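These notes are about the structure you will find just below.
The values are calculated or read from the model by the stated rules, or taken from the named source; none is laboratory data. Owing to the predicted nature of the structure, the values given are computational and were not obtained by experimental measurement. As a convention, Cβ positions derive from the backbone with ideal geometry for all residues, glycine included, and neighbour counts pool all protein chains shown.
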Amino acid sequence: MQRQQIIQLIDIKKYYKVGTHIVKALQSISLEIYKNEYVALMGASGSGKSTLMNIIGCLDTPTSGQYFLNQKDVSKLDDNQLAEIRNKEIGFVFQTFNLLSRQTALENVMLPLVYAGMNKAKRIKRANEVLENVQLLDRITHKPNELSGGQRQRVAIARALVNEPSIILADEPTGNLDSKTSLEIMGLFEQIHKLGNTIIIVTHEEDIALHAHRIIKLKDGLVEDDYMNKTIKTMTDYTMESVN
């Protein structure tokens, strides 16, 4: 059975002008990502992984090259068109959660549905569904400052899922969490992947990358390595380690 291609990058370059210098953040990136893949983008600071994440997430456009998302060339779209793609096709999870401090968990999760034009009754129903999926139904009326770091990240993940996007794009999703909570969040991503979602995690941490099924390593704006992970870390592994 033929795999469905979600992302295709063809000779993507991204250059920035800093004073009189040209910084080549991405020199030439070509790769494909398929439906229900679980991918980790790895690289040290300055490797180009954040720039690549911004292009995949339609937060930025390449200097040259083509980016196809679900067979549509999005590399030349204007800001309004990119905003529409982001709302419909991509669910974002950030290291700093990016929740609205004055809004409840439920209201934060409903926000993408407001932009999508869904009526209030349907917004509430759908937001409750995804909050139940991340085990936070008992916290829906709480504001971010009334939640733990792990709970805030669960709200952010629920918000990312609420529009049923093609891709979940997570930028250092455990960067602000302790070790135990990080494992819980990675366990949640594992469950989301099993339900059929395509997940791309951007990280510099080897332990986090090992949860992904495919690892793409960047260096100096180029793909240094791209391989299937044969030592996938699952929550079962951690359970066994704690027993032993």
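For the stretch 67-116, a residue qualifies if it is within 17 Å of residue 168 (Cβ to Cβ) and aromatic (Phe, Trp, Tyr), and the qualifying residues are 92, 94, 97. Taking residues in the stretch 38-55 that are of a type in the set (S, T, N, Q), and partners anywhere that are not in a strand (DSSP E or B), the pairs with Cβ atoms closer than 9 Å and at least 6 places apart or on different chains are 45/204; 47/204; 47/220; 47/221; 50/43; 51/60; 51/221; 54/60.
In the stretch 117-147, of all residues being of a type in the set (Val, Ile, Thr) and part of a helix (DSSP H, G or I), the one that is surrounded by the fewest Cβ atoms within 10 Å (Cβ to Cβ) corresponds to 124. Has the stretch 212-226 got at least one residue that is small (Gly, Ala, Ser), in a strand (DSSP E or B) and either in contact with a strand residue (DSSP E or B) (Cβ under 8 Å, 6 or more places away or on another chain) or under 25 Å from residue 9 (Cβ atoms) (or both)? Checking the stretch 212-226: not a single residue is small (Gly, Ala, Ser), in a strand (DSSP E or B) and either in contact with a strand residue (DSSP E or B) (Cβ under 8 Å, 6 or more places away or on another chain) or under 25 Å from residue 9 (Cβ atoms) (or both).
Filter the stretch 9-23 down to residues that are among the charged types (D, E, K, R) and at pLDDT 95 or above and give me whichever is surrounded by the fewest Cβ atoms within 10 Å (Cβ to Cβ). The extreme case among them is 11. If you check residue 64 against the conditions, is it among the hydroxyl-bearing types (Ser, Thr, Tyr) and within 19 Å of the chain's Cα centre (by Cα)? The answer is no for residue 64. Every condition in (1) in a helix (DSSP H, G or I); (2) modelled with pLDDT of 90 or more holds for residue 240 except the one numbered (2).
Comparison of 196, 150 shows that the only residue that is assigned to a loop (DSSP other than H, G, I, E, B) and either out of contact with any Pro (no Cβ under 6 Å at 6 or more places or on another chain) or modelled with pLDDT of 95 or more (or both) is 196. Scanning the stretch 172-190 for residues that are assigned to a helix (DSSP H, G or I) and in contact (Cβ under 8 Å) with a residue 12 or more places away in the chain returns 181, 182, 183, 184, 185, 186, 187, 188, 189, 190. Note on the stretch 3-53: residues that are part of a loop (DSSP other than H, G, I, E, B), hydroxyl-bearing (Ser, Thr, Tyr) and closer than 23 Å to residue 198 by Cβ total 1. Within the stretch 78-112, the set of residues being in a helix (DSSP H, G or I) and over 23 Å from residue 150 (Cα atoms) comprises 79, 80, 81, 82, 83, 84, 85, 86, 87, 88, 89. Of all residues in the stretch 54-73, those satisfying the criterion of being farther than 14 Å from residue 5 by Cα and in a strand (DSSP E or B) are 64, 65, 66.
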